[in-house]
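Below: the structure, in structure tokens.
The values are calculated or read from the model by the stated rules, or taken from the named source; none is laboratory data. Keep in mind the model is a prediction, meaning the values are calculated, not measured. Cβ placement follows ideal geometry from the backbone for every residue including glycine, while neighbour counts extend to all protein chains displayed. To get the accessible areas, we keep the full protein, side chains included, count just its heavy atoms, and leave off ligands, DNA and RNA. Shrake-Rupley method; radii C 1.70, N 1.55, O 1.52, S 1.80 Å.
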Amino acid sequence: MTVRKAWVVAGVAISSALAFVMLLVVGVYIVAGNLVNGVGGGAKALAKGAVPAAYSALVQKWGNLCPAISPALLAAQLYQESGFNPKAQSQAAAQGIAQFIPGTWASHGIDGDGDGDRDVWDPKDAIPSAASYDCELASYVKGVGGNPTENMLAAYNAGAYAVIKYKGVPPYSETQNYVKTITTLSQSFAAPVGRVDPSEQAAGAIEYAQKKLGTPYLWGGTGTAEQGGRFDCSGLTQAAYESVGVRLPRVANDQYNAGPHPKRDELLPGDLVFFSDDLTNSRTIRHVGIYVGGGYMIDAPRTGAVIRFDPIDTPDYFGATRVTEDGAKALPTTV
């Protein structure tokens with residue numbers, strides 16, 4: 001949602017982009033059909049910058065503590081709980097980056113950095129404790145059939161007894177939703193080992209954004225009538241995807257977690273592309289646009305400018321997200 005540097009684009013390049021955009025939009029679905037049977041999935045490594053650099057090594061190390069968890073899964077839990085905020089405190093007295101309540105911390109907090117204390121506010125203790133607690137829960141339900149990760153997450157939400165009683169994820173809507181949310185969200189923290197599925201809504205999102213070309217930028221704009229139909233960067237991307245039934249968060253750094261992250265040479269029209277001055281931390285992302293192909297995006301760049309085509313290959317290019325409906329639904333409303 002914040003302002004990014006203005007990049008001057010030659011008129012000839014813009015004309016070329018305009019000429020082939022519609023072909024690219026139509027081609028999204030063709031590419032999607034060709035790729036759908038050849039897409040890989042899953043990864044143990046974290047996506048670039050998905051976890052703030054200060055915590056990335058901790059998440060990578062402790063996310064491999066037992067087979068039921070992974071670095072991406074642990075990252076998804078921390079993001080869901082606190083948005084990686086080590087000072088977070090809830091109304092229910094949950095504390096720190098992993099949101100332990102005092103009673104659970106007293107029983108399950110560990111001295112992760114070996115400095116002689118257990119500090120719920122210190123990520124070097126709280127992140128290892130979150131992983132240790134996950135693995136302890138997994139051990140409680142290891143005799144239950146089914147997916148050990150899903151059983152662990154269900155035990156985290158509903159208690160190990162319920163998982164044992166029902167021989168798997170219990171038939172509680174809250175628990176089933178939690179399991180789906182964390183497993184889906186974990187995909188946005190993992191570095192894919194192969195190509196990721198194209199978004200079926202991509203062409204519609206581009207079409208929406210194209211209709212807004214030339215509209216003046218408005219800080220905080222979400223396109224309402226009161227705002228004269230104007231947008232800021234994340235307001236435009238949110239509205240574009242909402243037009244095809246996908247509800248994204250309001251700000252750019254949360255939109256980054258709405259799906260997996262294709263590499264630069266794997267971008268397809270409709271992917272969200274992100275920009276930041278700190279390429280090691282997705283929480284510092286300050287600009288987003290919609291990729292249209294050929295190295296260009298549609299974006300609402302800054303105050304005084306209009307919605308337009310801009311190049312993406314700039315020094316502040318952070319990465320991209322291939323929006324999925326389930327990925328968007330998994331995002332917390334506040335972090």
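Would it be correct to say that residue 245 is touching a residue at least 24 places away in the same chain (Cβ under 8 Å), open to solvent by 10 Å² or more (accessible area, probe 1.4 Å), more than 17 Å from the chain's Cα centre (by Cα) and farther than 15 Å from residue 328 by Cβ? Spell out how you get there, then give the answer.
Values: touching a residue at least 24 places away in the same chain (Cβ under 8 Å): yes; open to solvent by 10 Å² or more (accessible area, probe 1.4 Å): yes; more than 17 Å from the chain's Cα centre (by Cα): yes; farther than 15 Å from residue 328 by Cβ: no.
So residue 245 does not fit the description; no.
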Selection from segment 187-196 of residues that are modelled with pLDDT of 80 or more, open to solvent by 20 Å² or more (accessible area, probe 1.4 Å) and not hydrophobic (A, V, I, L, M, F, W, C): 187, 192
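Where in segment 114-227 are the helices (runs of 4 or more DSSP H), entirely inside, with at least 3 residues that are out of contact with any Ser or Thr (no Cβ under 8 Å at 6 or more places or on another chain) and outside the structural domain of residue 261 (by the TED database)?
Numbers: elements: 123-140, 148-158, 160-166, 173-186, 202-211.
The qualifying helices (runs of 4 or more DSSP H) are 123-140, 148-158, 160-166, 173-186.
Using the structure shown, decide if residue 98 is at pLDDT 95 or above and within 24 Å of the chain's Cα centre (by Cα).
Working: at pLDDT 95 or above: yes; within 24 Å of the chain's Cα centre (by Cα): yes.
Considered against the rule, which asks whether it is at pLDDT 95 or above and within 24 Å of the chain's Cα centre (by Cα), residue 98 comes out as yes.
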Residue 238 being open to solvent by 20 Å² or more (accessible area, probe 1.4 Å) and in a helix (DSSP H, G or I): no
Count - residues of segment 82-106 that are without any contact (Cβ under 8 Å) to a residue 40 or more places away in the chain and in a helix (DSSP H, G or I): 5
Residue identified as in a helix (DSSP H, G or I), closer than 15 Å to residue 196 by Cα and either open to solvent by less than 10 Å² (accessible area, probe 1.4 Å) or free of Cβ contacts under 8 Å to residues at least 60 places away in the same chain (or both) among 270, 327: 327
Scope segment 136-159; condition open to solvent by less than 20 Å² (accessible area, probe 1.4 Å) and in contact with a Leu (Cβ under 6 Å, 6 or more places away or on another chain); matching residues: 152, 155
Some residue of segment 165-186 being without any contact (Cβ under 8 Å) to a residue 24 or more places away in the chain, over 30 Å from residue 293 (Cβ atoms), touching a helix residue (DSSP H, G or I) at 6+ places or on another chain (Cβ under 8 Å) and open to solvent by less than 20 Å² (accessible area, probe 1.4 Å): yes
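Starting from residues that are open to solvent by less than 20 Å² (accessible area, probe 1.4 Å) and closer than 15 Å to residue 332 by Cα, keep the ones in segment 80-95 and report whichever is nearest to the chain's Cα centre (by Cα). Quick ask: steps written out before the conclusion?
Going through segment 80-95, the residues open to solvent by less than 20 Å² (accessible area, probe 1.4 Å) turn out to be 82-84, 88, 94.
From what's left, closer than 15 Å to residue 332 by Cα: 82-84, 88.
Values: 82: 14, 83: 11, 84: 13, 88: 19 Å.
Only one residue tops the list, namely 83.
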Qualifying positions in segment 50-76 - in contact (Cβ under 8 Å) with a residue 24 or more places away in the chain, part of a helix (DSSP H, G or I) and touching a helix residue (DSSP H, G or I) at 6+ places or on another chain (Cβ under 6 Å): 55, 58, 59, 62, 71, 72, 73, 74, 75, 76
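For (1) of a type outside the set (Asp, Glu); (2) over 29 Å from residue 146 (Cβ atoms), each residue gets a yes or a no:
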position	(1), (2)
52	yes, yes
67	yes, no
81	no, no
85	yes, yes
88	yes, yes
92	yes, yes
98	yes, no
103	yes, no
114	yes, yes
Top-ranked residue of segment 274-289 - restricted to ones that are crowded, with 24+ Cβ neighbours inside 10 Å and either among the acidic types (Asp, Glu) or outside any loop (DSSP other than H, G, I, E, B) (or both), ranked as modelled with the lowest pLDDT: 282
Residue in segment 131-144 that is in contact with a helix residue (DSSP H, G or I) (Cβ under 8 Å, 6 or more places away or on another chain), free of Cβ contacts under 8 Å to residues at least 60 places away in the same chain and among the polar types (S, T, N, Q) present: no
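Conditions (1) under 27 Å from residue 186 (Cα atoms); (2) of a type outside the set (Lys, Arg); (3) under 20 Å from the mean Cα position of the chain (by Cα); (4) buried (at least 24 other Cβ atoms within 10 Å of the Cβ), marked per residue:
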site: 304; (1), (2), (3), (4): no, yes, no, no
site: 308; (1), (2), (3), (4): no, no, no, no
site: 311; (1), (2), (3), (4): no, yes, no, no
site: 319; (1), (2), (3), (4): yes, yes, yes, no
site: 323; (1), (2), (3), (4): yes, yes, yes, yes
